[in-house]
Amino acid sequence: MTKKALITGITGQDGAYLSEFLIKKGYKVYGAVRRTSSINTSRLSYIGVLDDIDLVPMDLAEITNIQRLIERVEPDEIYNLAAQSFVQTSYEQPIYTSDIDGIGVTRILETVRNLGGNPKFYQASTSEMFGKAQQSPQNENTPFYPRSPYGVAKLYSHWMTINYREAWNMFACSGILFNHESPLRGTEFVTRKISQGMAQIALKKIKKINLGNLNAERDWGFAGDYVEAMWLMLQKEKPDDYVIATGETNSVRDFAQVAAKSIDIDIEWDNEGEGEVGICKKTGNTIISIDKQYTRPSETDHLLGDASKAKDNLGWKPSINFQSLVNMMVKHDLKRIEDNNFWF
Ligand code: NAP
Ligand code: GDD
């Protein structure tokens, strides 16, 4: 029988890759979208899956909506990817972020519990829960120390997912995913901001990119690899939680350096702190500078994941390394600008 998957957050980066992955596996995919004045399905169009998805209305703020939808669709698997996912915004909208990223998850869990424990449930947990990392690399046993309202809200929903598994015997898994990026990444996240900015510099549309903390280190992987891990977790006999990461960390400065290299610019760094600049060696032009508005009140300084458990139990490993990821993102942005294709 055809399996049915309900994906919340289908219009986001991971929603697009996961739906493509599940459609190829033969699933019937239902994509939950919240009401907005104009629904943004551009990522789904970009990768060519929009026509194969049944879009259904659902907002994580509204439990009656969640209940009716899950009862009607009767999915075999729910992938909860919906969230206010931008850490910076969570400092300005902590209550909204807590409601959607925290309580919103309990709304789904309660609905599934009331339906007798089916379907299987995947929760999009995050390495941001490690925050002020207590050890490096981080694995499933590393203590959490979230540093943002987003991280705190996600930690609540992470533990709720575990609690519903233990208390109500639900098949509920949490994927503790480290940062994953792609050409479909939102432009406010630092990787895409840099890849888009470098493409604009190469095509002489802008002169420089303003960034915040260049020292922050992240374990960046490719989103297309990470959605497979979500599916693998739900195919195991027993539900569990897994760290998904590449095992390599790089700073924002490194990311900018590699992205610049892919448009044939060698960066030389000068000064420190707020005065730091990245200069094009050949022309002497400043192409990176610091703007304090992009720094955070409390920062997650260093993330590096150990995905050994996923490798051993799920047979998962990443296929794209850091260098290829950066090059892929810049290449797509160059093409998009050349084609005047500014969908997202
Ligand atoms: P994203 O591109 O920002 O997508 C977020 C999705 O959530 C969008 O479809 C958005 O819909 C939807 N959404 C937001 N508020 C909602 C609400 N109130 N009701 C229903 N839908 C709502 O995020 P992503 O990068 O794909 O990440 C997917 C999930 O993984 C998120 O939960 C994120 O927190 C988590 N995560 C991401 C990473 C990463 O590095 N990408 C790492 C760890 C965990 P609109 O299009 O209408 O805004
Ligand atoms: N966005 C942004 N913009 N970040 C900047 C900038 C800038 O101009 N300059 C420096 N940074 C630094 C941030 O301070 C942070 O340390 C790092 O770059 C990464 O920022 P983001 O790309 O916004 O991602 P994030 O790590 O905060 O959050 C992402 O990864 C989490 C997993 O760890 C999001 O996808 C979250 O939803 C996800 O859970």
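Each reported figure results from applying straightforward, stated rules to the coordinates on display, with no laboratory input. These numbers come from a predicted model, not from an experiment. Virtual Cβ from ideal backbone geometry, glycine too; neighbours counted across all protein chains shown.
Computed values, structure above
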quantity: Criterion violated by Tyr164 - all others in (1) free of Cβ contacts under 8 Å to residues at least 60 places away in the same chain; (2) surrounded by fewer than 20 Cβ atoms within 10 Å (Cβ to Cβ) satisfied; calculated: (2)
quantity: First in the stretch 261-276 and in contact (Cβ under 8 Å) with a residue 24 or more places away in the chain and among the polar types (S, T, N, Q), second anywhere and surrounded by 11 or more Cβ atoms within 10 Å (Cβ to Cβ) and not in a loop (DSSP other than H, G, I, E, B), Cβ under 8 Å, 6 or more apart; calculated: Ser262/Met198; Ser262/Val326; Ser262/Asn327; Ser262/Val330; Ser262/Lys331
quantity: Residue within the stretch 27-42 that is over 22 Å from Met230 (Cα atoms) and assigned to a strand (DSSP E or B) present; calculated: no
quantity: The stretch 234-254 residues that are more than 17 Å from Ala124 (Cα to Cα), paired with ones that are in a helix (DSSP H, G or I) and not acidic (Asp, Glu) (beta carbon under 6 Å, 6 or more apart); calculated: Glu248/Phe322; Asn250/Phe322; Val252/Val190
quantity: Test result for Tyr156, touching a Gly at 6+ places or on another chain (Cβ under 8 Å), away from ligand 2 (no atom under 13 Å from the Cβ) and outside any helix (DSSP H, G or I); calculated: no
quantity: Residue among Val243, Val326, Val252 that alone is surrounded by 15 or more Cβ atoms within 10 Å (Cβ to Cβ), more than 14 Å from Ile194 (Cβ to Cβ) and either in contact with a Cys (Cβ under 8 Å, 6 or more places away or on another chain) or not hydroxyl-bearing (Ser, Thr, Tyr) (or both); calculated: Val243
quantity: Criterion violated by Ala167 - all others in (1) within 9 Å of ligand 2 (Cβ to nearest atom); (2) over 14 Å from Ile287 (Cβ atoms); (3) of a type outside the set (Lys, Arg); (4) in a helix (DSSP H, G or I) satisfied; calculated: (1)
quantity: Contacts under 6 angstrom Cβ, first residue in the stretch 81-106 being touching a residue at least 60 places away in the same chain (Cβ under 8 Å) and within 11 Å of ligand 1 (Cβ to nearest atom), partner of a type in the set (Ser, Thr, Tyr) and in a helix (DSSP H, G or I), 6 or more apart; calculated: Gln84/Thr97; Val87/Tyr150; Ser90/Thr97; Ser90/Tyr150
quantity: Residue selected from the stretch 125-145 under the condition small (Gly, Ala, Ser) and within 14 Å of ligand 1 (Cβ to nearest atom), by the criterion surrounded by the fewest Cβ atoms within 10 Å (Cβ to Cβ); calculated: Gly131
quantity: Residue satisfying condition, being of a type in the set (A, V, I, L, M, F, W, C) and either over 25 Å from Pro239 (Cβ atoms) or within 16 Å of ligand 2 (Cβ to nearest atom) (or both), within set Leu109, Leu115, Leu81; calculated: Leu81
quantity: Qualifying positions in the stretch 318-344 - in contact (Cβ under 8 Å) with a residue 60 or more places away in the chain, assigned to a loop (DSSP other than H, G, I, E, B) and either closer than 23 Å to Ile176 by Cα or acidic (Asp, Glu) (or both); calculated: Pro318, Ser319, Ile320, Asn321
quantity: Every residue from the stretch 146-190 that is more than 21 Å from Gly212 (Cα to Cα), of a type in the set (Lys, Arg) and either in contact with a helix residue (DSSP H, G or I) (Cβ under 6 Å, 6 or more places away or on another chain) or within 12 Å of ligand 1 (Cβ to nearest atom) (or both); calculated: Lys154
